Amino acid sequence: MATPNVVITETRTMPYGFTCGVVAAAGAFFGLFVGTAQGSGLVGIVLGAAICAGLAYLAMAYLGTAQERAFKWGVVALFALAGLLIGGVPGLVVGALFGWFLGWFIYWVGRCRYRMALPPYLTGGQVLWHYSFRVICGAIFVFLITPILVVMPLSFNAENFFTFTPEMLSFDPEGYSLRHYRNFFQSNEWQSALRNSLIIAPIATLLAVSFGTLAAIGLSQPHVPGRQVIMAILISPMIVPLIISAAGMYFFYSRIGLQGTYLGVILAHAALGIPFVIITVTATLVGFDRSLTRASANLGANPVTTFFKVQMPLILPGVISGGLFAFITSFDEVVIVLFVGSANQQTLPWQMFTGLREQISPTILAVATILVGISICLLTTVEILRRRSEKMRGMSPG
Amino acid sequence: MTLSKTLLATTALTVAGGAVAAQEMADSMTLVSWGGAYQSSQQQAYVEPYIENNPEVSATWDESSNEAVAKLRAMNEAGNITWDLVDVVASDAIRLCDEGLAMEVDHDELLAPGEAEDGSEVDPSDDFGDLIVSDCYIPQIVYSTTFGYRTDMVPEGADAPDEICDVWDLETYPGKRALEKRPINNMEWALLCDGVAKDEIYDVLATDEGQDQALAKLDEIKDDVIWWSAGADTPQLLADGEVFMGSTYNGRLYSVIEEQDQPVGMMWDAQVFDLDGWIIPEGLPEDRLARVKDFVRFATDTQRLADQAEYISYGPARETSAPLVPEDMKQHMPTDPENSENTFLYNYEFWADYRDDIDAKFQSWLAQ
Amino acid sequence: MSDATSDPNKIEAPTPDDPLAQAKALDNVDDRGRMLAADGTPLKRQLAKSLRIQKIRALALIAPLLLFVLLTFIAPIADMLFRSVENEIVSETLPRTVEALADWDYDSGESPGDEVYAALYDDLFLAQERKEHTRLGTRLNYELTGVSSLFRRSGRGVDDIGELYQDQFEDLNELWEEERTWAELMGSDEWLAAQEAWDEESGEPLPDFQLREGMPTLLPETSRQMLTFAEFIRTEDNESPLEEEPWTRVWAALYTDLTNKDVSGYSGPHTDLLQEASAAVGDFETTPIKQAFLDMDEDWGDPEVWGTIQAFSPDYTSGYFLNAVDMQKTPDGAAMRDEDERIYGLLFKRTMFMSLVITFSCILLGYPVAYLLATLPMRSANLLMILVLLPFWTSLLVRTSAWKVMLQSQGVINDVLVWLGLVGDANRLVMINNQFGTIVAMTHILLPFMILPMYSVMSTIPPSYVRAAKSLGATNVTAFRRVYFPQSVPGIGAGSILVFILSIGYYITPEIVGGTTGTFISNRIAYHISSSLNWGLAAALGTILLAVVLILYWAYDKIVGIDNVKLGG
């Protein structure tokens, strides 16, 4: 999506009063925390405001952009040292981070760089709102991501519990270990769980995608009798509460001898993944230009060729994203597999669930960290591939 | 009747002589247990030694003892039993036996005779004694549900808690408590601390007034209770310092104290004894049944049950195993005289009847 | 691949809106003024035919999946929901009792007559041999506390009734102690011969037991019981009546027959034995059947017990559904449960309320993020999208336990607040094991399900609309409120219903962080499936929950249209 025409606003030095005021407010805000932690909030506010305002004045009035780099490093060093004195090693890290932020913030505010990316006609209020909105969104992203980040250091816990030990908080190497990772790679149970997950999820995905894509193509034809009802039935695995599905499949699959078999778990997971495939593929097909298939037929291609040469490449993104959803549904599914599976089909989530119930061990967190790592790699790869293919097609990204 | 008695005696004799009829035996077993430290004690004490003796056998664990009754019922409906041996608590064994889902066994015929210290042999039915609470049940261990507390959170000047009513004493011992999210045990403790005599508790609990009385007593601490449902909860809560004291199985507390080195102490007062043991599902094919019988005979002999106590602090169900328990483990056993001054035995019959009714009341009380 | 698509001839037929074909057809009008298609057939027919082919082709494409979902998913659900009304266990386990009890009137306030107890003796005896009585006891215990142990005790005591007579017969003559005696007395000669000849090693099935001729009229009751007994041990235990002592029920039947019937006309094996017994039974010690049951357990005299059996004797019951709405099926009809036992109404209301709160929080947090993603340049939007997708890809269990680590009183948030001095160490915030914990954790878990549909709707809104509004003089707020927001409503709708439907069925997260006040109806369903084993009640609760979801789905389809759901991209 194109941004509004960007007019580079000349950077200029803001009035010192404005810069110092804004920076002092930020300083006061952080000073409050440091102050209360050290005993007096008020002193913290005053000192924080004063120090930050002083630094801002120093930078704007005397150093200017010429010595910006030197100033920033100085601030980082200063606050890192202060942090080390107050709070030891964690303080050093926090202090350095804050110093880096402050150095950037002073120049950002003082040199009016915050207007650089915005249309020049915006009023002050609008600029303020623009950035407040970003801060709010930032906070929501923090909410989304923090729990996942918190889990990672805990997976290196030397203890057998889900708690930050005092040794960990003081960055004592004694408090950290790789034992839970070793446990994951050496334990038969975890390895067979991983194997099971890697058998069940891909096959279930394959089933869901192949059946689902065909049906989605059928559903997107202009005249389908009973379309509403069919759609409702196909979507139902997504809307029926999982516990009901699990109980129903459990009783029914027991009766027909599928309970406790790979086939049973795979069929159940495929059924759960189908709605995602249907939804994503029909969504892609809505924008599909029908004249392309007709053109292909006109040029003598049979329907199979038409499907694979014309239709498939165009709806492929929808198929892939539906497949990814189906895969993750199976890969992360615990309720159904607990009921439909048996000891031989223990998947990773099953192993995690019994782990959480019966014997809490950070091995679960180690597994989670590995999986998150894999997801990050996957997501980035997909993104890089997408950009490359866009470049190759000559489309400008963004 | 007399005929069957003599028959029994002779079979017991032949079996005692070690003459197990050679039969087709399956090569794999699916054992069902609870996971965690308990399962690994079983693995070390008798599954591994058994596999060492019979290298052709492989054993798979299914950690489904929690849902054993439900799953066995469904398997039975379907006529497809995939489990070979199931570890359950006594009340579940009674239910399974009642419903015909577990096989009735003749303990004297199936199990190995006990080896007493003086070298004499003891009939299994005498060796297990009263612990055979059902014809289908092969008990392994006696465990208890009892309290653990954070030693470092005991207020200064106060003694460590040593009686059940200290759970209710929020003034002396401030802090959260962890109790199990079901009425069993909690109702008994509440009545006990509300002045009901120990031998009248179940009579009182059978009445509506008695149930209300117990809930009213629990009301006093309701705001300070974290309710647990999985065995790993209380140890984690204690390790995190989330609760001051909490009920759980004594073996879990043992591993928190001895293996994880957490500042936790045991409070044995009014501990509730319960049993854990095997049942054989009804309807196993011959070859699997033969294998399971062979395994159970090995796994519940005097030595094996005593071995298990090396790995976890549960008391062996055989009388003859008791002297073989290592000295340093004895003090952690729920059955140790020092620990068992005041104990309860889970009342199976009562809870079989009143479970649904009291549970409905308890859950609606919880939800309010 | 289905037939329709793999047949290349079909697609070459002109499709209705094929401009070439239409142009040709325009030139061809037949004598009756009908338009003709290229091949000379009337266009109307041609169109109808092509439409039919299209329909068939579409259905052929859908059919495999439809069949798949029906078999693997819909059938299990239907099967499970059926359990909520199924109640055959009473009439199957106690068939005669149920029949005899039909005439009894609960309102009379008295226990039923002797014939009902006699029927119960028959039924209960067989049930305890089959080990079905305790299962029935468990079933009825859901409705009336104490029935479970009543049945268990009676199962143990029911042998005593007949043992009384067995002992007296055996005291009378030692011949009765031999298993053969019974077989010779009751079995036909052919059967006896066949049975004697039968060899266990041969692997042949046991011969069918046949009654001696004349026995059914001479000793009708005994014959019936003997037949049941012989059939049972043959099929269940693979044993023969020659080697098995008959059940005590058979002895009791013999006593009844001998007191009522004249056996002087009998002349077969063991005539003397029978004559002797017939003469002696007059002096036998006896307990009337009803009294015997009352001795076993006085609850058998309680009309409440009989009323419950009567109320639950039909094959289908509304009992589970009544339980699911805090009511009870009593002998007097449906009634509310005691105040302190009502729980499901509360749980349904709470599930609804919390799901609403969660949906609302998701809208609140999801809207700005989706807006940001939709307005940022693609490159940055995709990077930020990774932040949204990452939690989505992380195991649900891990995210839930992460929230446990974050929220507990010794957890990360409290630790940070205490470290900053905002909260005293003694007054740490309680954020877990209550509704707050469930709402926070579930909002986090479901947020991607809100953001993705919102984003896909918002990214289709052309930015030029808002710019046009502004250039026409609208303020920022007005432009957003009047132009942008209305266009984004479908996204909100799609996300909301998705989140709401997912959250009212949630189970794992409330179980782990919900404590007592943050649990949902699903947790109760799970409890009834795996712990209390009251599967009928679980199914009834599930049916109600499913009905709510289906109504929502229907509303959703009406308002937004199910085709408009998009999951990112």
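Do we find a residue being more than 12 Å from residue A:363 (Cβ to Cβ), of a type in the set (D, E, K, R) and touching a helix residue (DSSP H, G or I) at 6+ places or on another chain (Cβ under 9 Å) anywhere in the range A:155-167? Checking the range A:155-167: at least one residue is more than 12 Å from residue A:363 (Cβ to Cβ), of a type in the set (D, E, K, R) and touching a helix residue (DSSP H, G or I) at 6+ places or on another chain (Cβ under 9 Å). Candidates are the residues of the range B:208-224 that are of a type in the set (A, V, I, L, M, F, W, C) and within 16 Å of residue B:364 (Cα to Cα); the one that is nearest to the other protein chains (Cβ to nearest Cβ) is B:215. Look at (1) of a type outside the set (Gly, Ala, Ser); (2) free of Cβ contacts under 8 Å to residues at least 60 places away in the same chain; (3) surrounded by fewer than 19 Cβ atoms within 10 Å (Cβ to Cβ) and you find that residue A:13 fails only one, number (2).
If the condition is being farther than 17 Å from residue A:141 by Cβ and more than 7 Å from every other protein chain (Cβ to nearest Cβ), then the range C:364-400 contributes only C:400.
Within the range B:146-176, the set of residues being buried (at least 19 other Cβ atoms within 10 Å of the Cβ) and either of a type in the set (Gly, Ala, Ser) or touching a Gly at 6+ places or on another chain (Cβ under 6 Å) (or both) comprises B:148, B:149. Quick one: how many residues across the range B:275-308 are of a type outside the set (S, T, N, Q) and outside any helix (DSSP H, G or I)? Residues in the range B:275-308 being of a type outside the set (S, T, N, Q) and outside any helix (DSSP H, G or I): 12 in total. Contact map, the range B:66-87: first residue in the same structural domain as residue B:291 (by TED's automatic domain parsing) and modelled with pLDDT under 85, second residue surrounded by fewer than 19 Cβ atoms within 10 Å (Cβ to Cβ) and not β-branched (Val, Ile, Thr), Cβ cut-off under 6 Å, separation 6 or more or different chains; pairs are B:78/A:255; B:80/A:257.
What residue, of B:233, B:240, B:328, B:261, is under 30 Å from residue B:198 (Cα atoms) and either of a type in the set (Asp, Glu) or free of Cβ contacts under 8 Å to residues at least 40 places away in the same chain (or both)?
Working: B:240 fails: under 30 Å from residue B:198 (Cα atoms); B:328 fails: under 30 Å from residue B:198 (Cα atoms); B:261 fails: under 30 Å from residue B:198 (Cα atoms).
From the options B:233, B:240, B:328, B:261, the qualifying one is B:233.
Of all residues in the range B:107-145, those satisfying the criterion of being in a helix (DSSP H, G or I) and crowded, with 21+ Cβ neighbours inside 10 Å are B:124, B:127, B:128.
Out of (1) surrounded by 22 or more Cβ atoms within 10 Å (Cβ to Cβ); (2) more than 7 Å from chain A (Cβ to nearest Cβ); (3) not hydrophobic (A, V, I, L, M, F, W, C), what's the single condition that is false for residue C:425? Among (1) surrounded by 22 or more Cβ atoms within 10 Å (Cβ to Cβ); (2) more than 7 Å from chain A (Cβ to nearest Cβ); (3) not hydrophobic (A, V, I, L, M, F, W, C), the lone unmet condition for residue C:425 is (1).
Being farther than 17 Å from residue B:227 by Cα and either of a type in the set (A, V, I, L, M) or more than 8 Å from every other protein chain (Cβ to nearest Cβ) (or both) is the filter here; which residues of the range C:507-525 pass it?
The answer is C:521, C:525.
Out of curiosity, is residue A:155 surrounded by 13 or more Cβ atoms within 10 Å (Cβ to Cβ), within 14 Å of chain C (Cβ to nearest Cβ) and closer than 30 Å to residue C:68 by Cα? No, not satisfied.
Restricting attention to the range C:449-495, the residues that are polar (S, T, N, Q) and in contact (Cβ under 8 Å) with a residue 24 or more places away in the chain add up to 4. Summed over the range C:295-334, residues that are assigned by TED's automatic domain parsing to the domain that holds residue C:251, more than 17 Å from residue C:100 (Cβ to Cβ) and in a helix (DSSP H, G or I) total 5.
So that you can scan it fast, the table gives a plain yes or no per residue for (1) more than 9 Å from chain C (Cβ to nearest Cβ); (2) at pLDDT below 95:
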{"site": "A:206", "(1), (2)": "yes, no"}
{"site": "A:220", "(1), (2)": "no, yes"}
{"site": "A:235", "(1), (2)": "no, yes"}
{"site": "A:239", "(1), (2)": "no, yes"}
{"site": "A:242", "(1), (2)": "no, yes"}
{"site": "A:256", "(1), (2)": "yes, yes"}
{"site": "A:267", "(1), (2)": "no, no"}
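Checked against the criterion of being closer than 23 Å to residue C:153 by Cα and modelled with pLDDT of 90 or more, the candidates B:94, B:132 yield just one match: B:132. Just one of (1) over 14 Å from residue C:106 (Cα atoms); (2) surrounded by 22 or more Cβ atoms within 10 Å (Cβ to Cβ); (3) under 24 Å from the mean Cα position of the chain (by Cα); (4) hydrophobic (A, V, I, L, M, F, W, C) fails for residue C:354. It is (3).
Pairs meeting the criteria (first residue in the range C:47-68 and at the interface with another protein chain (Cβ under 8 Å from one of its Cβ atoms), second residue part of a helix (DSSP H, G or I) and among the acidic types (Asp, Glu), beta carbons under 8 Å, at least 6 apart or on different chains) are C:60/C:3.
Yes/no matrix, rows are residues, columns are (1) of a type outside the set (Lys, Arg); (2) in a helix (DSSP H, G or I):
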residue	(1), (2)
C:453	yes, yes
C:461	yes, no
C:470	no, yes
C:483	yes, yes
C:488	yes, yes
C:510	yes, yes
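One residue alone among A:356, A:338, A:316, A:348 is under 30 Å from residue C:381 (Cα atoms), of a type outside the set (Ser, Thr, Tyr) and out of contact with any Gly (no Cβ under 9 Å at 6 or more places or on another chain), and that residue is A:316.
If you go through the range C:145-200 and keep only what is of a type in the set (Ser, Thr, Tyr) and in a helix (DSSP H, G or I), you end up with C:148, C:149, C:154, C:165, C:181. Among residues that are within 30 Å of residue C:525 (Cα to Cα), of a type in the set (Val, Ile, Thr), more than 19 Å from the chain's Cα centre (by Cα) and within 7 Å of another protein chain (Cβ to nearest Cβ), residue A:340 is not included.
When the range B:7-63 is examined, which residues are found to be part of a helix (DSSP H, G or I), away from every other protein chain (no Cβ under 14 Å), in contact with a helix residue (DSSP H, G or I) (Cβ under 9 Å, 6 or more places away or on another chain) and at pLDDT below 80? Once the filter is applied, which keeps residues that are part of a helix (DSSP H, G or I), away from every other protein chain (no Cβ under 14 Å), in contact with a helix residue (DSSP H, G or I) (Cβ under 9 Å, 6 or more places away or on another chain) and at pLDDT below 80, the range B:7-63 yields B:8, B:9, B:11, B:12, B:15.
Once the range C:175-221 is narrowed to residues that are of a type in the set (Ser, Thr, Tyr) and over 46 Å from the mean Cα position of the chain (by Cα), the residue that is nearest to residue C:231 (Cα to Cα) is C:188. Residues in the range A:348-362 that are modelled with pLDDT under 80 and under 26 Å from the mean Cα position of the chain (by Cα): A:355, A:356, A:360, A:361.
From the set of residues in the range A:113-155 that are in contact (Cβ under 8 Å) with a residue 60 or more places away in the chain and closer than 30 Å to residue A:180 by Cα, which is nearest to the chain's Cα centre (by Cα)? First the steps, then the outcome.
Going residue by residue through the range A:113-155, those that are in contact (Cβ under 8 Å) with a residue 60 or more places away in the chain are A:113, A:115-120, A:148, A:151-152, A:154-155.
From what's left, closer than 30 Å to residue A:180 by Cα: A:148, A:151-152, A:154-155.
On the way: A:148: 9, A:151: 14, A:152: 14, A:154: 19, A:155: 19 Å.
Restricting to residues being in contact (Cβ under 8 Å) with a residue 60 or more places away in the chain and closer than 30 Å to residue A:180 by Cα, the top hit is A:148.
Can you tell me which residues in the range B:309-368 are of a type in the set (Lys, Arg) and outside any helix (DSSP H, G or I)?
Residues of the range B:309-368 that are of a type in the set (Lys, Arg), as a first pass: B:318, B:330, B:355, B:361.
Listed by number, the list holds a single entry, B:318.
Hey, does the range A:277-290 have a residue that's modelled with pLDDT of 85 or more, facing chain C (nearest Cβ under 10 Å) and within 29 Å of residue C:509 (Cα to Cα)? Looking for residues that are modelled with pLDDT of 85 or more, facing chain C (nearest Cβ under 10 Å) and within 29 Å of residue C:509 (Cα to Cα), one finds at least one in the range A:277-290, hence yes.
The values are calculated or read from the model by the stated rules, or taken from the named source; none is laboratory data. Because the structure is a prediction, the values reported are computed rather than measured. Glycine gets a Cβ as well: all are built from the backbone with ideal geometry, and neighbour counts include every protein chain shown.
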